[in-house]
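Note sheet for the following structure.
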Amino acid sequence: MTVAVLGTLSAVCCANAQDSTTTTTTTEQKAVSDDTLPNSGFYRAEELSIDAFGMGSIGQQTIDHISGARVQHNGRAGAGVGANYFFTRYLGIGGDAFTENTAHDFVDSASGNLIWRIPIADTGIAPYAFGGGGYQFDEVSQKFAQGGAGIEFRFCEHAGFFVDARYVFADKTQDYGVGRAGLRVSF
């Protein structure tokens, strides 16, 4: 249901962005640096975004001896939501929560991160790196630190897809990896 709501929001945002486009012709051209227009293009300063994603996790043993069969047997799948706020085009904070099952706690893990993204001109592509920490509620209650990287592709000004991976340094259990892929809507 969350993905359907975000999909509808992204369709409306893309339609509104296309409808509000105007063309202005001037005879004078000025060189403008990227820093003087923080709200131009696909990625802006003071930007809030909402994420809906599917995710998967694998344990340290599978990471050390990676194979398709090990991932299929030992991997766990789930879904989650997140929110991000960028103070500048390049630096922001984000939080997310996900569940791999609903047998115990509805939220299995929640985390916060400092995010550094690098928009590539007006392509809609922005690689990013992040680091932070959080708390795991299920199966073992524990604190963790994490670091990772990903890439986002905006297919219109306010909506896009993202994929990322993180390595989680667990407090009480073996370390593990988490991968996410989903839809991001920005405001």
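Bear in mind that the values in this text are calculations on the coordinates, not laboratory data. These numbers come from a predicted model, not from an experiment.
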Unit-weight point scatterers at every alpha-carbon of segment 125-187, Debye formula, q = 0.23 1/Å: log10 I(q)/I(0) is -0.91
Can you pull the percent of Cα pairs in segment 63-110 with separation above 13 Å? 69 percent
Computed lengthening from A45 to A83, 0.36 nm per intervening residue step minus Cα-Cα distance: 12.2 nm
Per residue of segment 55-69, what does 6.51 cos²θ - 1.76 cosθ + 1.60 with θ = phi - 60° give for ³J(HN,Hα)? Whole Hz please, x for Gly and Pro, Karplus curve as stated. 9, x, 10, 9, x, 4, 4, 5, 4, 5, 10, 5, 7, x, 5
Hey, what did segment 41-187 get for relative contact order, percent, Cα under 8 Å, at least 6 apart? 24 percent
Here segment 84-99 yields Karplus 3J(HN,Hα) values (6.51, -1.76, 1.60; θ = phi - 60°; whole Hz; Gly and Pro given as x) of 9, 9, 9, 6, 10, 4, 10, 10, x, 10, x, x, 8, 9, 8, 10
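Rounded to two decimals, what is Rg over Rh for segment 64-187 when you use alpha-carbon atoms and the Kirkwood radius? The partial results should precede the final answer.
Numbers: Rg = 15.3 Å, Rh = 15.5 Å.
Result: Rg/Rh = 0.98.
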